[in-house]
Each structure stands twice: as C-alpha cells, then as structure tokens.
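The values are calculated or read from the model by the stated rules, or taken from the named source; none is laboratory data. It should be emphasised that the depicted structure is a prediction, and the values quoted were computed from it without experimental measurement. In this analysis, Cβ positions are derived from the backbone assuming ideal geometry, glycine residues included, and neighbour counts consider all displayed protein chains.
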Amino acid sequence: MSRETVVLGAGMVGVSIAWHLARRGRSVLLVDRRPPGRETSYGNGGLIQREAVRPYTFPRDLGKLLSALPNRRVDIRYQVSGMLTYAGPLLGYWRCSSPRHYERIANEYASLITLSTQEHEPLIEAAGAGELIGKEGWLEVHRDPGELERRGYEAEDAAQRFGVTHNLLDGAGLAQLEPHLGGVLAGAIHWTNSWSVSDPGGLVAAYARNFEQQGGELLQADIRRVSQSGGGWRIDTDAGSLDAEEVVVALGPWAGSWLRDLSYRLPTFVKRGYHMHYGAAEEKRLGHWIADADIGYILAPMRAGIRLTTGAELARLDAPPSHGQLDAAECKAREIFPALGQRLEDEPWKGARPCLPDMKPVIGPAPRHKGLWLAFGHGHQGFTMGPVTGRVMAEMMEGEPTAVDMAPFRADRF
C-alpha cells in the first residue's frame, strides 16, 4: 500500500485524528478539498466548551414548538424542504430528547466533553498556538430572571457530577465584568473552565502544520469515490488515485452521503448556521465571549472582528442561504451591545453542523468493512471534541485501551 492510513476531512476532527495517528508512527495522508480548518471548523463560535456536558435537545414543550412555527426565532429556524428531507432523523431526535432517553445520552456524551480541554492542551502546546487561546471563560447572559435561576441549578448539577466550574452573576456583577453590555439583562453564568479561541480556523491550521512537522502529509483535492481494493482501500480524487490499508471518514456534514455508496444508511441531518464579523471601537470591545442564551446567538471578540453566530437552521445541506436569522440576531445583539459596529464582510458565512438523532457522534469501526473507520456527527461540539476524538480513534485503531467506553458511539447502534 502506498499509504498506511488516509484520513478524509481536514476539520478539527479529521486533523486531530491524523495528528494522533502520526504521533504513533503511522504514515498518514490527510485529504480535503479545502485547506485545513476552512469549512465547518472555521465558522463556529470559537469556544472549547468544557461546560457543554448536556447536548442540545429537540424542543418538546408545546409552547416552544408553537413559537417556532412562524419561523421568526433567532435560535431555531427551518426550511420546509429541510424538514421533509430529514423527517425521519428529526423524529428520532425528538424521541431521544425525552427525559427517559436523555439522561443516559447526556452521561455518555459528557464522557467525551469532560476530556475536551485536557486533550486540546497537548495539541496547543505542540503547535505553538497558545496565543489563540483565552482561559478567562465565557458568559451565558440571560434576560429572564427565571431562566437564569433554572440554568443556575443546572450549573450546580454539572459542577457536582462533571467538574464544571462557574460563577453566578447578578446584573451588577455582570455590569462590573462587562461594562459595555446594556439592555435588560438579569445576570449571567460565567463558565470558568471553558476556553475561547480568537481564530478557530487558525487553530485547526496550526494543528495541521504540526501534523506535517511530525511527518504527516496533506493533499488538497476533491474526493470522488471511496471503494475497497484488494485487501485495502482506493480513494479516487481529482488529483489521482490513492491506496491505503485503512481509511478514516471524518467528513462532517458530508459523511452521510459519502457512506451511502458503501450501503450505510445512517440517519444523518444538519443544523446550518451563519456568522458575520463586525467592527467596534477598541475601548468598547467585549472582554468575554457572550451568549445571549434566551435569544440564541453568540458575540465573540475574535481577531477578525466581533463574530456574531446564529442558532440552528434546519435546512438541506445544499439549500440556498436564508439570511433572515442573522438579521434578527443582529437586531437583538444591538439591544445588549449598542457598540456593535458595521458589518465587515459583503456576505455572511454559512456552514452546517453534522448531527445524529441521539446527539452523539459516531466514532469507531464501520460495521461491515474492515479497515474503514468513522468519526462524524458531533453536532454543535466538533470543535470542542476533536482532540479527544482523535485520541480515542487512534487508541481503537492501534488496539489500545480507550480513555472512555466507546460502545455508546458505535455506528451499529442505529
């Protein structure tokens, strides 16, 4: 074989897997149509969310479901074609969000999240990327005092069960920490052991450069076909064909469609999202990443400007963009941060989060094909969970004991 291992997809997950395999002495080729970190991993809110031990559920409260129907909310919007395309997976998502299933799922999900900052640390150090990382935590601000109180109870539970650290701030405490915020804010939860990243795509690129320094190779090419060849695998690209003993599919929102050619029908769907960068006077810039939790967007003071990221849009991966959600988020953001300046780009960025109905990723061997490994479906937390995914995938591929029980993440659970 010309390559021992080929990793398909150079987002945070794929780069992290390639990095861990190269550290173990494997010959690894990382393939993507774009440079590392320029797709989904580029456009997120820039947080390594150690506190995110409970995945986002599908709303089950009738009032919230009805409030989404006019399609004017900031946190969730939909396109009818997307709802029809993903009807089966979305129904499964609704079922898995029931209390009967959710607590088990959350405990399994948390087993990866609790290792997130720990597993980013060695990659940050090896890549010399410490200047991109902030360890001051981030602020989940609330307009509704009742919602702030409810989330405070959940924060205490996360502290006791999963080692999450936080401070509960009233309005005065929040104003002291972020004096340029205004509006009708009741207070905030300051998540103190999560990290911020001033250039998410840049962090992935730094990890990829270190992967190359370890002897790994990068190939920027369009992947056309993946097929078995003899005792291994053939990957056809627009730059030629590659042979490998093992292939890792870490293609994020595109993984499901690629695997259909190999007769896998996993219930994948996407939650799309948008972002835009804005200016702000230097003396009025935010000191922390801010999530307006009752509305559903993030303000992140990044290198490129203040990034505003939207909530989720349930739409087909290839559907045309719809910018109303971003426009609505911008209006709400100006209510609490009047210093938000002008847009810095002509068009909003659009991306998609790769999702599965039970809110957990698939990580592990493909059920019916030797030498085929799967790592996708991380939903909102691929950027957070990339390095721990890389660690456990490398451990499985090398036959080592894994850091956590990987049975809940097997592909054959579907």
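Would a scan of the range 353-362 turn up a residue that is exposed (fewer than 15 other Cβ atoms within 10 Å of the Cβ) and either basic (Lys, Arg) or more than 22 Å from the chain's Cα centre (by Cα) (or both)?
Kept after step one, since they are exposed (fewer than 15 other Cβ atoms within 10 Å of the Cβ), are these residues of the range 353-362: none.
No, the range 353-362 contains no residue that is exposed (fewer than 15 other Cβ atoms within 10 Å of the Cβ) and either basic (Lys, Arg) or more than 22 Å from the chain's Cα centre (by Cα) (or both).
Of all residues in the range 42-90 being touching a residue at least 12 places away in the same chain (Cβ under 8 Å) and of a type in the set (A, V, I, L, M), which is nearest to residue 355 (Cα to Cα)?
90
Being charged (D, E, K, R) and touching a residue at least 24 places away in the same chain (Cβ under 8 Å) narrows it down to one of 125, 147, 156, so name that one. Steps first, answer last, please.
Numbers: 125 fails: touching a residue at least 24 places away in the same chain (Cβ under 8 Å); 156 fails: touching a residue at least 24 places away in the same chain (Cβ under 8 Å).
When all the criteria are applied, what remains is 147.
Mind checking whether some residue in the range 41-57 is within 30 Å of residue 237 (Cα to Cα), in contact with a helix residue (DSSP H, G or I) (Cβ under 7 Å, 6 or more places away or on another chain) and in a helix (DSSP H, G or I)?
Here is the first cut: in the range 41-57, the ones within 30 Å of residue 237 (Cα to Cα) are 41-44.
Okay, now just the ones that are also in contact with a helix residue (DSSP H, G or I) (Cβ under 7 Å, 6 or more places away or on another chain), so 41-42, 44.
Of the ones still in play, those that are also in a helix (DSSP H, G or I) are 41-42.
Among the residues of the range 41-57, at least one is within 30 Å of residue 237 (Cα to Cα), in contact with a helix residue (DSSP H, G or I) (Cβ under 7 Å, 6 or more places away or on another chain) and in a helix (DSSP H, G or I), which makes the answer yes.
Could you count how many residues in the range 320-344 are hydrophobic (A, V, I, L, M, F, W, C), surrounded by fewer than 16 Cβ atoms within 10 Å (Cβ to Cβ) and either touching a helix residue (DSSP H, G or I) at 6+ places or on another chain (Cβ under 9 Å) or part of a helix (DSSP H, G or I) (or both)? Write out each step before concluding.
Let us first name the residues in the range 320-344 that are hydrophobic (A, V, I, L, M, F, W, C), namely 326, 328-329, 331, 333, 336-337, 339-340, 344.
Imposing the further condition that a residue be surrounded by fewer than 16 Cβ atoms within 10 Å (Cβ to Cβ) reduces the set to 331, 344.
Filter again for either touching a helix residue (DSSP H, G or I) at 6+ places or on another chain (Cβ under 9 Å) or part of a helix (DSSP H, G or I) (or both), leaving 331.
Result for the range 320-344: 1.
In the range 74-83, which residues are surrounded by fewer than 18 Cβ atoms within 10 Å (Cβ to Cβ) and either of a type outside the set (A, V, I, L, M, F, W, C) or touching a strand residue (DSSP E or B) at 6+ places or on another chain (Cβ under 8 Å) (or both)?
Keep residues of the range 74-83 that are surrounded by fewer than 18 Cβ atoms within 10 Å (Cβ to Cβ), which gives 79-81, 83.
If the condition is that a residue be surrounded by fewer than 18 Cβ atoms within 10 Å (Cβ to Cβ) and either of a type outside the set (A, V, I, L, M, F, W, C) or touching a strand residue (DSSP E or B) at 6+ places or on another chain (Cβ under 8 Å) (or both), then 79, 81, 83 are the ones that fit.
Looking at the range 347-356, can you tell me whether even one residue there is in contact (Cβ under 8 Å) with a residue 40 or more places away in the chain, among the aromatic types (Phe, Trp, Tyr), under 24 Å from residue 72 (Cβ atoms) and in contact with a helix residue (DSSP H, G or I) (Cβ under 6 Å, 6 or more places away or on another chain)? Full working, then the answer.
Restricting attention to the range 347-356, the residues satisfying the condition of being in contact (Cβ under 8 Å) with a residue 40 or more places away in the chain are 348-356.
Next cut, among the aromatic types (Phe, Trp, Tyr) only: 349.
Still in the list and also under 24 Å from residue 72 (Cβ atoms): 349.
Checking the rest, the ones that are also in contact with a helix residue (DSSP H, G or I) (Cβ under 6 Å, 6 or more places away or on another chain) come to none.
The answer is no; no qualifying residue exists.
Could you pull out the residue among 347, 283, 313 that is of a type outside the set (A, V, I, L, M), at pLDDT below 95 and either assigned to a strand (DSSP E or B) or exposed (fewer than 15 other Cβ atoms within 10 Å of the Cβ) (or both)?
On the way: 347 fails: at pLDDT below 95; 313 fails: at pLDDT below 95.
None of the others qualify; the one that does is 283.
Run residue 207 past the list (1) free of Cβ contacts under 8 Å to residues at least 60 places away in the same chain; (2) crowded, with 18+ Cβ neighbours inside 10 Å; (3) among the hydroxyl-bearing types (Ser, Thr, Tyr) and report the number of the one that doesn't hold.
The one condition residue 207 does not meet is (1).
Criterion first (over 27 Å from residue 119 (Cα atoms) and of a type in the set (Phe, Trp, Tyr)) does residue 258 satisfy it?
Working: over 27 Å from residue 119 (Cα atoms): yes; of a type in the set (Phe, Trp, Tyr): yes.
Here the answer is yes, as residue 258 does meet what is asked.
Does the range 8-30 contain at least one residue that is surrounded by fewer than 17 Cβ atoms within 10 Å (Cβ to Cβ), among the hydroxyl-bearing types (Ser, Thr, Tyr) and touching a residue at least 12 places away in the same chain (Cβ under 8 Å)? Even if it seems obvious, please write down each step before you answer.
Going through the range 8-30, the residues surrounded by fewer than 17 Cβ atoms within 10 Å (Cβ to Cβ) turn out to be 24-25.
From what is left, the residues that are among the hydroxyl-bearing types (Ser, Thr, Tyr) are none.
Checking the range 8-30: not a single residue is surrounded by fewer than 17 Cβ atoms within 10 Å (Cβ to Cβ), among the hydroxyl-bearing types (Ser, Thr, Tyr) and touching a residue at least 12 places away in the same chain (Cβ under 8 Å).
Give the range 102-157 a look and list any residue that's assigned to a helix (DSSP H, G or I), hydroxyl-bearing (Ser, Thr, Tyr) and either within 21 Å of the chain's Cα centre (by Cα) or surrounded by 14 or more Cβ atoms within 10 Å (Cβ to Cβ) (or both), or say none.
Going residue by residue through the range 102-157, those that are assigned to a helix (DSSP H, G or I) are 102-113, 116-127, 130-132, 145-157.
From what's left, hydroxyl-bearing (Ser, Thr, Tyr): 102, 109, 111, 116-117, 153.
Selection gives 102, 109, 111, 116, 117.
Tell me which of these residue 38 doesn't satisfy, since it passes every other one: (1) outside any strand (DSSP E or B); (2) at pLDDT 95 or above; (3) more than 18 Å from the chain's Cα centre (by Cα).
Of everything listed in (1) outside any strand (DSSP E or B); (2) at pLDDT 95 or above; (3) more than 18 Å from the chain's Cα centre (by Cα), residue 38 misses just condition (3).
Only one of these conditions is not met by residue 33: (1) under 16 Å from residue 351 (Cα atoms); (2) touching a helix residue (DSSP H, G or I) at 6+ places or on another chain (Cβ under 9 Å). Which number is it?
Exception for residue 33: condition (2).
How many residues, within the range 166-194, are surrounded by 15 or more Cβ atoms within 10 Å (Cβ to Cβ), free of Cβ contacts under 8 Å to residues at least 60 places away in the same chain and not in a strand (DSSP E or B)?
Matching residues across the range 166-194 total 5.
Say we look at the range 195-225 and pick out the residues that are outside any strand (DSSP E or B) and among the aromatic types (Phe, Trp, Tyr); which of these is nearest to residue 43 (Cα to Cα)? Full working, then the answer.
First, pick out the residues of the range 195-225 that are outside any strand (DSSP E or B): 198-216, 221-222.
Still in the running and among the aromatic types (Phe, Trp, Tyr): 207, 211.
Working: 207: 17, 211: 22 Å.
Going through the qualifying residues, I end up with 207.
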